[in-house]
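Data first, discussion second: the structure below is written as structure tokens.
What follows draws every value from the coordinates through simple rules; no lab data is involved. Everything numeric here is computed off the predicted structure, so don't read it as measured data. With ideal geometry, Cβ positions are generated from the backbone for all residues, glycine too; neighbour counts draw on all protein chains shown.
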């Protein structure tokens, strides 16, 4: 099951006196869609830059595909970092031909990839004549040249209109469905929540949390409960050791749990005490709440 | 290596700036080759009328001396080739394409090599322009031609290549160092035209011959014409071997120091 594509150990990077990344360790396995979430300036791009050898780290190691990094490995990685970068005076096709030459692959895929992102009609137009959305789509097409095993995307929907955002997210999901490992940096929680299977939360160069998105979501689960006898229900809930707190919200109780519990177990325990629930639901905290909570804890 | 040449050729083949600069160089250099004798003859006519000494007639374009003559006059225009290198190295930074190229899988060494090859091919093209211009002019101006005459001083072509290549590599280094085209062009031109001249004046001769631009221009000495011999001035009629070594050293130095510069830099 665990098939590490990428292992990062204790990366550290400073820019002058600014600490950009500190003791950053992470493992990404094959097939995962791994989100790196953090506010602007938290070290996301620095991390990805180090992994792509455009930034040199001060200390620490990383390995791609289980071996020491060297340039040929990047031929197996597609990448899009920050804004799309191409030769402005060259057409889309010429730009992609340069990338195909760098990646040592044939030009056959160029039209296929341009078709996928809907730029085939404009393939001979110069890059500088493209709109921002088109540039971003061309960058996605470019990152797919050479059938990469890993795709690295940094803020892929930055500055796009809602329609383009939706299109690019669909593209990422489609790419992930084909089994390509994706590393996605974003400051948009919603984006990570919609697209990723795993998430690492980064703030001020420090890794705050890392794990499957589902786990992050359920680890702070709350239960919504209602019974005919609300007072007795509250008393019983307060006696359960996995319940931290019981809050009132309208006509229901909200039980904050300190560990993950199967709702069936809770229901059974309560039934043993003679309380039959008329309403029981797991309320998942949105990643956003969790994210903000983590950040405020970290800042405090 | 072919892959790197192919990649760089794609970058430039569709750039108007590249072709315009190359065309300017081509027109200028060909004009210099084809009209230098006419200009020189004007001076000679003038000299003949004012000096009692009989001035012998000679042609710049006769084999085998043509190679040294042309290489000497053409060498002054190597700065244009160096500027093309400088502009295209810095453009990789201003477009951020160096970052993208490395991300896409080029190693830093490969990127450097691609620019060294680019400089080499440009210098080679300049040398070929000299070669073909020389053939046309030489055959047109030499009465009796033999193979040994045509290729007699052909080693000046190699020196001409080394002269241009060394300056191009210096420009490449400045481009990688400063990354910004405007700044790089100004500082490079400042060093080339002013700074080294001052250095050469201050430093003793035994030291100044080792300066890069100095050694490049010392490679090919002033053509030694019959006229000058009359005045007992003797310039070297062969390629200066010590300067071949000094220029080669600078070429390797510029490549090496650029490598060190690139090895640990963040993009």
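Structure values in brief
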{"quantity": "0 to 90° range, to nearest 10: angle between helix B:108-141 axis and chain B longest Cα axis", "calculated": "20 degrees"}
{"quantity": "Computed helical MRE - 222 nm, chain A, DSSP H runs ≥ 4 contributing -39500 (n - 2.57), nearest 500", "calculated": "-10000 deg cm²/dmol"}
{"quantity": "Residue A:262-residue A:169 FRET efficiency (beta carbon distance; Förster radius 35 Å; 0.05 resolution)", "calculated": "0.65"}
{"quantity": "Fraction of beta bridges assigned by DSSP in the stretch A:4-212 that are antiparallel (%, nearest 5)", "calculated": "55 percent"}
{"quantity": "Inter-site label distance for residue B:77 and residue B:32 at 7 Å from Cα along Cβ, in nm", "calculated": "0.6 nm"}
{"quantity": "Cα coordinate range in chain B, projected on the principal axes (Å, largest first)", "calculated": "70, 41, 30"}
{"quantity": "The protein assembly as shown shape via C-alpha gyration tensor axes, a/c threshold 1.5", "calculated": "prolate"}
{"quantity": "Highest-fluctuation residue, B:213, B:116, B:241 considered, GNM on chain B with Cα pairs under 10 Å", "calculated": "B:241"}
{"quantity": "Sequence of A:46, B:17, B:97 once ranked by neighbouring C-beta atoms within 10 Å, starting from the fewest", "calculated": "B:17, B:97, A:46"}
{"quantity": "Gyration tensor (alpha-carbon) shape descriptor, the stretch A:221-284, a/c threshold 1.5", "calculated": "rounded"}
{"quantity": "Chain B: angle of helix B:241-263 to the longest principal axis, Cα-based, in degrees nearest 10", "calculated": "10 degrees"}
{"quantity": "Angle between chain B longest axis and helix B:155-178 axis [Cα atoms, degrees, rounded to 10]", "calculated": "30 degrees"}
{"quantity": "Residues in the stretch A:26-44 reached by a label modelled at residue A:3 [backbone nitrogen below 15 Å; 7 Å Cα→Cβ]", "calculated": "A:28-33"}
{"quantity": "Most fluctuating residue given options A:77, A:254, A:145, as computed from a GNM of chain A linking Cα atoms under 10 Å", "calculated": "A:254"}
{"quantity": "Nitroxide proxy distance, nm - points 7 Å out along Cα→Cβ at residue A:82 and residue A:283", "calculated": "4.2 nm"}
{"quantity": "Efficiency of FRET from Cβ geometry, residue B:24 and residue B:139, R₀ 22 Å, rounded to 0.05", "calculated": "0.20"}
{"quantity": "Rounded Å value of the spacing that divides the Cα centres of the stretch A:161-214 and the stretch A:50-106", "calculated": "20 Å"}
{"quantity": "Highest-fluctuation residue, B:175, B:152, B:140 considered, GNM on chain B with Cα pairs under 10 Å", "calculated": "B:140"}
{"quantity": "Sorted by Cβ density within 10 Å, fewest first, the residues A:251, A:157", "calculated": "A:251, A:157"}
{"quantity": "Relative exposure of A:10, A:198, A:187, A:124, judged by other C-beta atoms within 10 Å (fewest first)", "calculated": "A:124, A:10, A:187, A:198"}
{"quantity": "Chain B - mean residue ellipticity at 222 nm from DSSP helices (-39,500 (n - 2.57) per run, n ≥ 4, rounded to 500)", "calculated": "-24500 deg cm²/dmol"}
{"quantity": "Virtual spin-label span in nm between residue B:264 and residue A:158, 7 Å along Cα→Cβ", "calculated": "2.8 nm"}
{"quantity": "Calculated FRET value between residue B:194 and residue A:214, using beta carbons and R₀ = 60 Å, to 0.05", "calculated": "0.35"}
